[in-house]
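Heads up: the structure comes next, in structure tokens.
No value in this document is a laboratory result; all are computed from the given coordinates. Not measured: the values here are computed from a predicted model. Cβ placement follows ideal geometry from the backbone for every residue including glycine, while neighbour counts extend to all protein chains displayed.
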Amino acid sequence: MNAANYTYVRVKTDTGEIWAATSEFKVAVGERITLALEMPMENFRSQTLNRDFPLIYFTTRIAREGQALPAAPSMASAHAQTGAADARAGAAQVTEPIQPAPGGTTVAGLWANRKSLAGKTVTVRGKVVKFNGGIMGRNWIHIQDGTGAAADGTHDLLVTSDASASVGDVITVTGTVAIDKDFTAGYAYAVLIEGAKIELK
């Protein structure tokens, strides 16, 4: 099934059937495919399909039989991926700089100084461009503040939190800097803020 630039496939395996979704591609019933079981999402609801999936894998790596499976993303390229929300094409980008929080840093500043800030508490203000809730026991939020470069991903910062936020909100986050974080399945992050407290503006 194709929906919202995604292709959803139900795959029969030796251990049972699974659902997976990836960027839209051509595939036919009966074809054999190989896929990486990246980013499992439990109790996922597709608004476009008006359908609930008890478990579905959002994968960036899928291939037809006989084709090589693409390599896992590198630390630099994978930092912007966190499940389905991150894989959506055409995500909004903040182009006008947002005033940093008092005593805080910018997204680009955090990227530039991530090694020296590892393990420390920082505050960053930015606009929510992506939100994915309840994955691996936390909410995954991407913020941008108009600094950094989209070409190398330094314009975007991943934040994990128990708190919620909506796309378009300008929020101030305070949490612990983590670097070179690998959640397996190809989802690795050069820098993120973990366990953040969130305030609107």
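Considering only Cα atoms, the convex hull volume of the chain works out to 123 Å³ per residue. Label sites at R45 and A68, each approximated as a point 7 angstrom past Cα along Cα to Cβ, lie 4.3 nm apart. Helix content alone sets the calculated 222 nm mean residue ellipticity of the chain: runs of n ≥ 4 DSSP H residues at -39500 (n - 2.57) each, divided across all residues, give -1500 deg cm²/dmol. A run of the chain free of exposed loop cleavage sites, with GluC sites (Glu not before Pro) counted only in DSSP states other than H, G, I, E and B and at most 15 other beta carbons within 10 Å, reaches its longest extent at 66-201.
Shown here for region 1-67: trypsin sites (Lys or Arg not before Pro) in loop regions (DSSP other than H, G, I, E, B) with at most 15 other Cβ atoms within 10 Å, namely K26, R32. Computed about its Cα centre, the charge dipole of region 104-201 is approximately 160 debye, with only Lys, Arg, Asp and Glu carrying charge at their Cβ.
Just want to confirm a number: the relative contact order over region 2-71, from Cα pairs under 8 angstrom separated by 6+ residues, in percent.
30 percent
Near the amide H of N2, within less than 5 Å, lie the amide hydrogens of Y8, all on another chain or at least 5 residues away, with H placed in the peptide plane. Take the Cα of K197, step 7 Å toward its Cβ, do the same at F183, and the gap between the two points is 2.4 nm. Model label points for I33 and S166, set 7 angstrom from Cα along the Cα-to-Cβ axis, are 3.4 nm apart.
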